[in-house]
Amino acid sequence: MLAAVVVVSPALPQVRFEQERMRQYFEERFEKGFEYAYVVPGMTRVVQSAGRLIRSETDTGVVVLACRRFLREPYRRYLPADWYGDDPSELATASVGRDTAAFFAQVKKEAAR
């Protein structure tokens, strides 16, 4: 059973011929080539990584998004709305270690009840 998942950056696809052709296509059609060809697939992988930790409504764990880009557009637009209250910036912390330890201490306390 997993207790935590650490995602070090948006999992953007490698730059290659096919990906660049998609970027050009999406840029010509929607003026969002980089976003549709790179950001969307990358953020889909990020959410899938978190899904390996949380498999049911009773599962608990910590998902650490360890890159500032997650809080910037266009990346933040693809974070699931149920991960935060009003704004993705609520996910930020300056003390990942302390906050993670506090989370697991609370989980352990609740499990002991």
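The values are calculated or read from the model by the stated rules, or taken from the named source; none is laboratory data. Fair warning: this is a prediction, and the values are worked out from it, not measured in the lab. Every residue, glycine as well, gets a Cβ built from its backbone with ideal geometry; the counts of neighbours run over all protein chains shown.
Screening ARG52 on (1) farther than 23 Å from SER95 by Cα; (2) free of Cβ contacts under 8 Å to residues at least 40 places away in the same chain shows it passes everything except condition (2). Restricting the search to helices (runs of 4 or more DSSP H) fully inside the chain and requiring at least 2 residues that are at pLDDT below 90 gives 96-112.
Checking each residue in the range 1-31 for being in contact (Cβ under 8 Å) with a residue 40 or more places away in the chain, out of contact with any strand residue (DSSP E or B) (no Cβ under 7 Å at 6 or more places or on another chain) and closer than 14 Å to TYR75 by Cα picks out VAL8, SER9, PRO10. Each residue in the range 52-85 was checked for being of a type in the set (Val, Ile, Thr) and exposed (fewer than 12 other Cβ atoms within 10 Å of the Cβ), and 1 pass.
Count of the range 56-89 residues, restricted to those that are among the aliphatic types (A, V, I, L, M), under 22 Å from PHE104 (Cβ atoms) and under 10 Å from the mean Cα position of the chain (by Cα), is 4. Taking the range 90-113 as the range and being of a type in the set (Gly, Ala, Ser) and surrounded by 10 or more Cβ atoms within 10 Å (Cβ to Cβ) as the test, the residues that pass are ALA92, ALA101, ALA102, ALA105.
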